[in-house]
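Worksheet: one structure, shown below.
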């Protein structure tokens, strides 16, 4: 019945839905100004032409939008007013934007409330650390988005924690999407077609996380000829190839390695102490079964490895020391999708996928007669089946994910020998191995209606079921978004959405470790439920500029935190006992001024926000409200991209953010427990102080040259140009007796700050062919 | 050119820097610091009172302590150690214990209700080589979330048949719960020696047997009973002595905060962290539970019940003065 309804409703589809259809079918991406009326209804012929150009012509006829195909991009711009007179669709849109469209396109697109699209082109322009173009790092320059730990891992969307983001790679969730503790993400720009960030007004097709959705779509490979690029940078080398195989098949393959991976066999031979490396391999093959159907096989594998060996030898037998430390983590993903894109009628995608997030650690310390070792191997496997369909204005579908959390397997040994005789051999079973399953099933439906020529309502409902060994939770998640286009200059929107989350991961406030296991919900720890209200507006009255503002309030139920503080290795039972469920809230205002045309483009984003937690049962922070790890009062991002010449771009970004909250003990006190009285550093409340604000300026110059076949590009950059001393790494320590002064007496706590990321230059060379 | 190169290299080498970041968190001069662990198994209770300062906790001597049990005042005396305050009371489940610490300018207060008592069912002890295997049945306190601590103590007694002298010694033994499916999920096993186990008792919740009963299996090293200290005092005495060694199973119901704090501390002070110290880089400062108003610290009350099982008898006779004859009271596995 739904299919029939969708078929008859085809006449009410929007231009945007048609664009999505063409993106899927031809592997192109659309680049356009946010002001273009892509949300307007499309009532033309079905998009069933064989050629892309034919379908583009049908889609945009009489829409006031003209198109141009450039490579894999379709560039849209408004038809100049004199040409568009009388042909504008339905609404009295005055396409002033035509004045501002030139060969340069805006760096950001706000296509619908709560969503920001980041074209792959923008990712390529951003000045970045070590010259590594990065999707997630670029997102951190947007209002409402920030790193959880500055310079390093985790993305926080509107005060959410890193585990509260749904990071999708072609619709399949990825876990731990970082290399180098978050310096670089696992997404290679070469294989990325488009990135969408949802901060609010989440469509019903997304679920499973509480705070943000990062939807990364990879490119299918072009159907015309073999193309590729080779990039050599300070840190990594990358190779990308895509093209056709026969008439019906296209492929795309991207690989990246850290230079040091090549050195590992040699270093091992030389018995050298330390090495770290990672690699990524990204493969996509699409095969057209006919005019309407295609199969797509995607696979990804990325692994990080760190090894450190130290050995000191002494003449006395048994008196030397050996330190061995090895870490590893990574993702493996394989997905097979059936794409049904008939041109008219319902279109859909059904995917069967398997993902594995694995981490491991092996530590060994031998010091004279004492040896200690620790091994840990938590992992998470997902088996996913999802199906998403679009029929006219309706989208519907469902998904089932079997999460299998491999918790524990953490074991430590301490052994002591005296004169060759073992006097102690202790095995610490820190966390016995166990497999904890979580069944997550969801169905959803969503649709958009034009209530009037100026008002559009998008509504959806998602029902998510979480089934664990001891309990089943059903969470209905309504999604509502209302948009009012007052005229071509003013738009306003409001939304309410509910999201839920069944997999949780807690991190230290100091850093996020890839070894931290995920924990499914249980009777004791129900799913996180986030209700978000947002209201905003945009003004496009100044040619070449756009201004937007959005205010939001997000209430969170069942957030989890450690009752006292973070612990690295605990069993699942201990995790439950050492954590508590409480409430959280985030609220704030985001302002974005964007210059969308001219030689200078860019944006200025400002976020005023607050994020906190409270545990009314008193088990955390004595029941007193405290700032969340992600709480930052102010954040400013200024991004500017200036076309020095036709071939040369200069990009700069400046970031300022209030300091992160920190818990500072101010007293030494006795605290008693069953095992006696311990003398401890006593902090009265969580987050009773703050780190100083962070700020930095990053720049980048890119020089492109079109060659007879392909192009070449040199990129030079500097991260933290003026060397701001931000606390990138560090640890707490206290003043010793010998170094005590009147101002800093013995026992005074300080943070040993390491400002690692200063004046970091970068250079990379890319040859596309 | 060379000059520029040197400047550039020098700049790059010196890019990262380390320094100390000081915080301006307001410091309190001194704050009352009150801790106590009261137990129904003992009528003498100790309260430790100190002042927490930025450098260390200093025993408080200028304070007075008032104690009320079910509204009745109980006399409190200063202990031998500075900052210790002692009172005697036979506490029973559901008793309400109020403590008020009065110091110049401030007053701290805490009130606790003695938890309900759990029950020990049957206790079976067998001998498996060098260890005792103890199967202990525990009955949960119904209709509430309960937290427990299980201790096993070694009790050794001896008396002279001719002299009439009696000796008694009791001490807590290290137990190994690693073979038990509930207790052993995250515990320590020591294949060679039980002497090095840092913690004696086992703490657990009733999550696995809510409102029901469960049998735990723990192991206790035989070597812990090898040399009772009083044996040394018997040297030179008449040899006609009879001795009995027993295992005393003690089950205490404890407050949730006590349970959580104990578990937290056991990780914090773990051998593992000593030996793999880098893990502490990821640790963060915590905010500890606190159940004393206007002070730092906790006064916890636990409700305990015990059951003893004789495990062996020893007889010293003049026939073989150095070697007692041993009669096992528990079967071998």
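Here are the numbers for the structure shown:
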| read-out | value |
| --- | --- |
| Unique match (being more than 7 Å from chain B (Cβ to nearest Cβ) and surrounded by fewer than 22 Cβ atoms within 10 Å (Cβ to Cβ)) among A:690, A:681 | A:690 |
| Filter result (outside any strand (DSSP E or B) and at pLDDT 95 or above) within the range A:489-501 | none |
| Residue in the range A:559-582 that is under 27 Å from residue A:695 (Cβ atoms) and under 25 Å from the mean Cα position of the chain (by Cα) present | no |
| Residues satisfying the stated conditions in the range B:45-78, i.e. within 25 Å of the chain's Cα centre (by Cα) and away from chain A (no Cβ under 14 Å) | B:65, B:67, B:69, B:76, B:77, B:78 |
| Enumeration of residues in the range B:291-300 that are within 12 Å of chain A (Cβ to nearest Cβ) and either more than 17 Å from the chain's Cα centre (by Cα) or at negative phi (or both) | B:291, B:292, B:293, B:295, B:296, B:298, B:299, B:300 |
| Out of B:86, B:91, sole residue that is part of a strand (DSSP E or B) and under 21 Å from the mean Cα position of the chain (by Cα) | B:86 |
| Options A:713, A:733, A:764; residue that is touching a helix residue (DSSP H, G or I) at 6+ places or on another chain (Cβ under 8 Å) and either part of a strand (DSSP E or B) or surrounded by fewer than 17 Cβ atoms within 10 Å (Cβ to Cβ) (or both) | A:764 |
| Residue B:17 at pLDDT 95 or above and either within 14 Å of chain A (Cβ to nearest Cβ) or under 30 Å from residue B:118 (Cα atoms) (or both) | no |
| Residue under evaluation residue B:26, criteria (1) modelled with pLDDT under 95; (2) touching a strand residue (DSSP E or B) at 6+ places or on another chain (Cβ under 8 Å); (3) within 20 Å of residue A:682 (Cβ to Cβ), criterion not met | (2) |
| Yes/no for residue B:32 being touching a residue at least 60 places away in the same chain (Cβ under 8 Å) and surrounded by 13 or more Cβ atoms within 10 Å (Cβ to Cβ) | yes |
| Residues (in a strand (DSSP E or B) and more than 9 Å from chain A (Cβ to nearest Cβ)) located in the range B:35-44 | B:38, B:39, B:44 |
| So residue A:529, is it buried (at least 22 other Cβ atoms within 10 Å of the Cβ) and under 27 Å from residue A:517 (Cα atoms) | no |
| Residues of the range A:616-642 that turn out to be within 14 Å of chain B (Cβ to nearest Cβ) and under 19 Å from the mean Cα position of the chain (by Cα), as a count | 1 |
| Test: residue in the range B:112-127 that is over 24 Å from the mean Cα position of the chain (by Cα) and either within 14 Å of chain A (Cβ to nearest Cβ) or over 19 Å from residue B:304 (Cβ atoms) (or both) | yes |
| Filter result for the condition that a residue is free of Cβ contacts under 8 Å to residues at least 40 places away in the same chain and closer than 24 Å to residue A:204 by Cβ, over A:555, A:584, A:502, A:536 | A:555 |
| Helices (runs of 4 or more DSSP H) within the range B:220-283 that include 3 or more residues within 14 Å of chain A (Cβ to nearest Cβ) and at pLDDT below 65 | B:271-275 |
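Conditions tested, residue by residue: (1) buried (at least 20 other Cβ atoms within 10 Å of the Cβ); (2) in contact with a helix residue (DSSP H, G or I) (Cβ under 9 Å, 6 or more places away or on another chain); (3) within 14 Å of chain B (Cβ to nearest Cβ).
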{"site": "A:547", "(1), (2), (3)": "no, no, no"}
{"site": "A:554", "(1), (2), (3)": "yes, no, no"}
{"site": "A:557", "(1), (2), (3)": "no, no, no"}
{"site": "A:561", "(1), (2), (3)": "yes, yes, yes"}
{"site": "A:576", "(1), (2), (3)": "no, no, yes"}
{"site": "A:579", "(1), (2), (3)": "yes, no, yes"}
{"site": "A:585", "(1), (2), (3)": "no, no, no"}
{"site": "A:589", "(1), (2), (3)": "no, no, no"}
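The values are calculated or read from the model by the stated rules, or taken from the named source; none is laboratory data. Being a predicted model, the structure only gives us computed values, none of them experimental. Counting neighbours? That spans all protein chains shown, and the Cβs are built from the backbone with ideal geometry, glycine included.
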